Amino acid sequence: MTVDEAIEIAETALNYDRLNKVQDIVFRQSWEGRSYKEIAASTEYEYDYIKDAGAKLWKLLSKALEEKVKKDNLKSVLKRYLRRTQVNLQRNLTIEVNLSGANLSGANLSGARLFANLNEADYVQTDLDKIITSDSETELSDSENEINWNGFRLHSDAQVKIAEILDRTSTLYIPNSRLRLATPEGRQNLEADFLIFYQNKLGMLNIDRESSHPNATEDEMCDRLLRDSGIFLVKHYDATRCSEQPDLVVQEFLEILSHVQA
């Protein structure tokens, strides 16, 4: 786990409250094992100020991570936090989306408390020090047209390519999630290729396959309902482009999502 990944997890636990400048310095240098005196010596801040900022930061994190955090146990607490609050990315998670607001089976999207609120979590499966893997193992499963990728069952090469890029950008996402959506015709199920959490916003990236024969009118109506339900961005991409240019697809999606007004 890198320090940037650790900060992202900490800020997620803090309801995406960003660390301020001093907190960021204390977190990063404490992560590297430096003492308060060493941190103060390398910055323009006094020792007492750094020590006080650290004490306040550990108190905030202790409340958010539900375990006492100290300067010398920061890494171990974050690892245990991940174990306790793993995210289930694989079990065909049914997400309840209510038109009155985003309600992900108890997950509070407005606070992006995904780690703490999605049940039966299984995000960190083996090695917590290797959350983001660039050399992912991919193999065909017994089911036809299914690909076993890092313990997840993906449906196509295009999904694998997108998942790999999302991993490399340290983006939090859920592949192949089933949503329960309220429509004028009643409650309906919908599967999303990728639910993506980025900068305190939820977006949906769908891959249009040649065999799916999408209905543009129906897609537009469904996308509007999803946006009204709290999903900030719903965007469709061609499967061929996702396979051949996954980096550009992810870059474009995150860029658009980052500029959507909350």
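FYI, it's all coordinate maths here, none of it is from the lab. Bear in mind that the values here come from a model prediction, so they are computed numbers and not experimental data.
Which whole-angstrom value gives the distance between the alpha carbon centres of region 230-262 and region 1-50? That distance is 32 Å.
Checked against a 31 Å cut-off, the cross-linked pairs LYS21/LYS161; LYS79/LYS161; LYS37/LYS59 give Cα-Cα distances beyond that limit for LYS21/LYS161. If a/c stays under 1.5 just call it rounded; otherwise compare a/b with b/c (prolate if a/b is bigger, oblate if not). Do that for region 1-91, with a ≥ b ≥ c from the square roots of the Cα gyration tensor eigenvalues. It comes out prolate by the Cα gyration axes.
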